1. Of all GluC sites (Glu not before Pro) in region 267-344, which ones are in loop regions per DSSP and have a Cβ with at most 13 other Cβ atoms within 10 Å?
2. Round to the nearest 10 and give me the degree value, 0 to 90, for the angle of helix 100-117's Cα axis relative to the longest principal axis of the chain.
3. What is the local net charge at V467, summed over the other residues whose Cβ is closer than 14 Å to its Cβ (Lys, Arg +1; Asp, Glu -1)?
4. What value, in deg cm²/dmol to 500, does the helix sum -39500 (n - 2.57) over DSSP H runs of n ≥ 4 give at 222 nm once divided by the residues of the chain?
5. I need S375, S401 ordered by Cβ neighbour count within 10 Å, fewest first.
6. Can you spot the lysines whose alpha carbon is less than 23 Å from K392's alpha carbon? Ignore those fewer than 8 places along the same chain.
7. Given H placed on each backbone N at 1.01 Å, which residues far from W202 in sequence or on other chains put an amide H within less than 5 Å of it?
8. From the backbone phi of region 247-253, what are the Karplus-calculated ³J(HN,Hα) couplings (6.51 cos²θ - 1.76 cosθ + 1.60, θ = phi - 60°) in whole Hz, Gly and Pro given as x?
Amino acid sequence: MKTESTLKIYNSLSREKEVFEPLNPPFVGMYVCGPTVYSDVHLGNVRSNISFDVVYRYLVYLGYKVRYVRNITDVGHLVNDADEGEDKIAKKARIEQKEPMEIVQYYTNGFHDVMKLFNVLPPSIEPTATGHLIEQIEMVQRILDKGYAYESNGSVYFDVEKYNADYPYGKLSGRKIEDLYSNTRELDGQSEKRNPLDFAIWKKASPEHIMRWNSPWSVGFPGWHLECSVMSTKYLGETFDIHGGGMDLRFPHHECEIAQSVAADGKEPVRYWMHNNMLTVNGTKMSKSLGNAFLPLELIEGSHELLDKGYGPMTIRFFMLQSHYSSELDFSNQALQGAEKGFQRLMNAYDVLNNLAHDGKDDAAVEAEIKEVKSLCTQIFENLNDDFNTPKAIAGLFDLSKKVNSYKEGQIPLNSLDTETFNLLKKTFKDLIEDILGLKAEDTGGDSGLTDGLMDLILDMRKTARVNKDWGTSDKIRDVLKELNVVVKDGKDGSSWSLG
Ligand code: ZN
């Protein structure tokens, strides 16, 4: 381990920063809630995945052997989170007249494409809920056997009150069961539940529900919270190290995961709960219903009405990492443009550094200069060890960038550093930018004159089509370019393109 036992993680369960101590070092088990694949991946999801990508990368960097599991929800997530309504995927399949698994495959592919675009590493295992029906049925049975669930008309509900009598329900979100009651509507006489707080772990399928499996209780489907309990513990053990996800999943999703695991197996499933915060736009919560939620490709293309222009995926990644994962992240044109300039400055300094050559002589080295650079490098890692503080680590890289530029300009002679410190400086830049933050130079497209010329022509045709309101042609160009993995950015000074 490079910096053994100095990494601290804010644990949303204890509400404290705790020194990270894995159960079985050097192995680390990490589970992050993945997408429900029924629509294009939204930007909040991108942020969550970038946040945990850095956690994953940094743990690997520190020398841990990380088994990173991120699920795909392909059944059980209902339109209404209160155990009612249609399955999100089945609904989309009905609207588009497709087989549900076509919907699942299409949006899973799209999710992977977007992850790749933002340089998010794939997980070690990416299990699907439909691939773990047997295990989910087994867990429902274990919870029933322990007496913390009951069957009602073919469905099985988790008995929150019974559980709460033995274990605290609400410990992760800090909610008390009394308050939860006052915020829940009364059950009507038709309800299958004994108690409004109870949640379905198995649902009997109505006749029109197409995603259905046999079980001891009914032909039906699993409750949404169950899949994460099952798949995390199957691959990482009954208790594992890190569970991550967006803040909006803390309750009820993660709260229910704890209850299910404790009820079924008598074990706390997770040691460190981590939650990334939400996105805002000009200070207002980003949400579809407010019309201020732009999709990743809209942000890249600059095609949403709130955006002045588009930004490259690496700029967006850098922008996101300039905020701590647990803080809200606010999108505004000004902040994005600032990030774009900042990212260019950083990558320029990285280029300059890679072109600097130390003469290999250490006799002109200056003690104070060496000390300053070494301490800046150390500070960057101390910041990462402080609950993955990427904004402070990036600020440290900017301090080092100033140094790099003054070596280049000759304001400070480069050989005021000894070779060892110069190499440390180079290594710190490389390790941070490439390995830990996962940044790389924005791909500005091919450099062949023919490709550039052809692309200019295509973008011109698209522009003409749009001016003539010939949406058929402009959409076709957009779709074909998307298929070819070409990302078009529309800005005030015309359109540019890059390979995704
Ligand atoms: Zn989950």
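Values quoted throughout were computed directly from the atomic coordinates according to the rules given, and no laboratory measurement underlies them. Predicted model only: the values in this text are computed from it and were never measured. When we count neighbours, we look across all protein chains shown, and the Cβ atoms used for this are built from the backbone with ideal geometry, even at glycine.
1. E305
2. Here the helix axis deviates by roughly 20 degrees.
3. Within the 14 Å Cβ shell, the charges total +1.
4. Values: 16 runs with 217 residues, N = 500.
My calculation for the chain gives -14000 deg cm²/dmol from helical runs alone.
5. Ranking S375, S401 by Cβ neighbours within 10 Å, fewest first, gives S375, S401.
6. Output for K392: K2, K8, K17, K341, K371, K374, K402, K403, K426, K427, K430, K440.
7. Amide H neighbours of W202: V156, G223.
8. For region 247-253, the Karplus curve yields 3, 5, 8, 4, 9, x, 3 Hz.
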